[in-house]
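One structure is given here, and the rest of the page talks about it.
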Amino acid sequence: MREIVTIYSTPAAEPWLYETFTCANDRGIVLNVTADAPDISLRLGEPATLAQPAFQIDEEEILVVTHRESPIQNLSLEGVQVLFAGRGDPSAQVWVYDSGSDVQLAFEELAMNGRGVTTNARLATSPQHMSDTLIAESNAVGILPRHWKLGDAREVFSAGTVPVLALTLEEPQGAVAQLIACLQGN
């Protein structure tokens, strides 16, 4: 009988979900993707409170990205803070994520030093949505994890890197431990 492991991934950590499927397939483990009390949760960066076992499986760079034809060029940390606070180039349309998303929290920690982003920012529903917008709209500027930067969108600032974490409900054993070990080995 094959073991079943429940797993959840934030949208930003989906590239590692695909790796988990490869690891599970190689080990004869069945994955059930659900947000309801998963055995393993994948996310970017540490949650505000970490009350469960966490294992770093990789790291991800958080970028500020623009359309390839945007007049916004390489930015400094101060330039990013001004732009995302809504005091920068008025022709730029700033795009962010929901305030509780892992990638938004990582960006705010790395680049905004606890300051909020402008209320005039547009809301992307996922890294895929953000990527599509940055490729399509010439005045768009937004936040992307490195794994999600596609096409000819242009990176103008690196906010830094955050760990990609596999969180578990309890100390991993059996199939859960095998999957985390596999992810750490990739």
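The numbers here are math on the coordinates, done by the rules we state, and not lab data. All values derive from a computational prediction rather than experimental measurement. Here Cβ is always computed from backbone atoms with ideal geometry, including for glycine, and neighbour counts include all displayed protein chains.
From its DSSP helices (H runs of at least four residues, each -39,500 (n - 2.57)), the chain gives a residue-normalised ellipticity at 222 nm of -8500 deg cm²/dmol.
With the simple spin-label model, which puts each label point 7 Å out from Cα in the Cβ direction, the S91 to T125 separation comes to 3.0 nm.
Remark: H129, H67 ranked as H129, H67, counting other beta-carbon atoms within 10 Å and listing the fewest first. Using alpha carbons only, how many angstrom separate the centre of the stretch 78-133 from the centre of the stretch 1-25? When both Cα centres are located, 28 Å separates them.
How high is the FRET efficiency between V33 and S158 when r is their beta carbon distance and R₀ equals 25 Å, given to the nearest 0.05? Taking R0 as 25 Å, the efficiency between V33 and S158 is 0.25.
Listed values for the stretch 133-143 are Karplus-derived 3J(HN,Hα) couplings in whole Hz (6.51 cos²θ - 1.76 cosθ + 1.60, θ = phi - 60°), namely 5, 5, 7, 8, 10, 5, 9, 7, 9, x, 10, and x replaces Gly and Pro. Computed over the Cα atoms of the stretch 25-106, pair by distinct pair, the Kirkwood hydrodynamic radius stands at 16.4 angstrom.
Distances between placed amide hydrogens fall under 5 Å for G45 paired with V164, L165, all partners being 5 or more residues away or on another chain. Take every Cα pair under 8 Å whose residues are at least 6 apart in sequence, average their separation, divide by the length of the stretch 61-161, and the relative contact order is 52 percent.
Fewest neighbouring Cβ atoms within 10 Å first, the residues F55, F157 line up as F55, F157.
Comparing T22, T49, T66 in a Gaussian network model of the chain, where Cα atoms under 10 Å apart are tied by springs, the biggest mean-square fluctuation is seen for T49.
A dipole drawn for the stretch 61-161 from +1 and -1 charges on Cβ atoms has a positive end, and of A85, T133, G160 the residue lying farthest that way is A85. Under 5 Å between amide hydrogens, built in the peptide plane, is the criterion, and for S9 it picks out L42 among residues at least 5 positions away or on other chains.
Counting beta carbons within 10 Å around each of S9, S126 and listing the fewest first gives the order S126, S9. A viscosity of 1.567 mPa s and a temperature of 4 °C, combined with the Kirkwood radius over C-alpha pairs in the Stokes-Einstein formula, give the chain a diffusion coefficient of 75 µm²/s. Note on Q52 and A177: their simple-model spin labels are 1.9 nm apart, each label 7 Å out from Cα toward Cβ. Using alpha carbons only, how many degrees (0 to 90, rounded to 10) separate the axis of helix 174-185 from the longest principal axis of the chain? With both axes taken from Cα atoms, the answer is about 40 degrees. Close amide H contacts of G86 (hydrogens built in the peptide plane, cut-off under 5 Å, sequence separation of 5 or more or a different chain): T118. If only the Cβ of Lys and Arg carry +1 and only the Cβ of Asp and Glu carry -1, the dipole of the chain around its Cα centre is close to 340 debye. Relative contact order, whole percent, for the chain stands at 37, derived from Cα pairs under 8 Å and 6 or more residues apart.
Computed from phi, the 3J(HN,Hα) profile of the stretch 112-117 under the Karplus parametrisation 6.51, -1.76, 1.60 (θ = phi - 60°) reads 9, 6, x, 6, x, 9 Hz, with x in place of Gly and Pro. Ranking S70, G45, V33 by Cα position along the charge dipole of the stretch 28-115, where only Lys, Arg, Asp and Glu carry charges on their C-beta atoms, puts S70 farthest toward the positive end.
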